[in-house]
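Okay, so here's the structure we're looking at.
Derivation of every value follows stated rules applied to the coordinates shown; laboratory data play no part. Not measured: the values here are computed from a predicted model. Every residue, glycine among them, receives a Cβ derived from its backbone with ideal geometry; neighbour counts consider all protein chains shown.
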Amino acid sequence: MSGFAVLIPARYASTRFPGKPLADLAGRPMVVRVCERAQASGAAPVCVATDDERIADAVRAHGFEARMTRAAHATGTERIAEAAAALGLAEERIVVNVQGDEPLIAPALIARVAAALAARPDADVATACHPIRDAREFANPNVVKAVLDARGDALYFSRAGIPFPRDGGAPDGLRHVGIYAYRAGYLRRYARLAPSPLEAIEQLEQLRVLWHGGRIVTVLEQGAIPPGVDTPADLEAVLKVLR
């Protein structure tokens, strides 16, 4: 496939963890660790889209690119849409949205998600998921579940345990991972789409794509994908892995 870009949305404000992108991870800010993983995937450019000069300064100090964006964006996708336009990316250029709190994300997964979209001209977005093996995870509303069709495209995403095992068997669900690939032209269109009522209810921005008839192709990883950092406790878990 042709080259792809990685854009990393990063806000300083966070209800559960203010300043999260700048949290120290073994000597480097977390967002810089994410940049390093993105760079290792073969992406170019790798750019952080932020609304905070402190984050931009830290990213640039470590040799990566940062773009300032408006503070009012409701979603990370809207933020990277602004950055993609500022970078002047061509309509068909694939852009991977890697969350700024995923310092353990595998570079190979980033490349696979980009390749999945490149292989499907009929798809608007690519993302990833993996099987849920634990009943507590299946019931946890902070673990987003995905349901796919026969082709591996997304039917729905929910914080609820879906599909629900009516007969009481073991859960057989998929955990959605918040990495997305788009073409730059679709990103611009996404930013103009009206938010979906489902998006507001579930607080899941990818539901806007499905609501408006978009197609999301999914990369299914059989092994677990390392979780991101939502809280200071998550940060400690990541530090243990890095050490």
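Full extension of the chain between residue 155 and residue 241 gives 27.6 nm of extra length, using 0.36 nm per residue less the Cα-Cα distance. Measure out, as a whole number of angstrom, how far apart the alpha-carbon centroids of segment 23-99 and segment 226-242 sit. Computed from Cα coordinates, the inter-centre distance equals 20 Å.
Counting only DSSP beta bridges whose two residues both lie in segment 4-242, roughly 55 percent are antiparallel.
What you get for segment 4-242, charging only the Cβ of Lys and Arg (+1) and of Asp and Glu (-1), is a dipole of about 180 debye around the Cα centre. Dimensions of segment 135-174 from C-alpha coordinates, computed as largest minus smallest value along each principal axis and given longest first, are 27, 24, 11 Å. In terms of its Cα atoms, the chain spans 56, 41, 33 Å along the principal axes, sorted from long to short. Of the residues 206, 121, 49, the one whose Cα sits farthest towards the positive end of the charge dipole of segment 4-242 is 121 (charges of +1 on Lys and Arg Cβ, -1 on Asp and Glu Cβ, taken about the Cα centre). On the principal axes of its alpha-carbon atoms, segment 108-243 has extents of 43, 39, 28 Å, going from largest to smallest.
Given R₀ = 35 Å, FRET efficiency for residue 57-residue 115 by Cβ-Cβ distance, to 0.05? All intermediate terms of the calculation are to be shown ahead of the outcome.
Working: r = 33 Å, r/R0 = 0.95.
Rounded to the nearest 0.05, the efficiency is 0.55.
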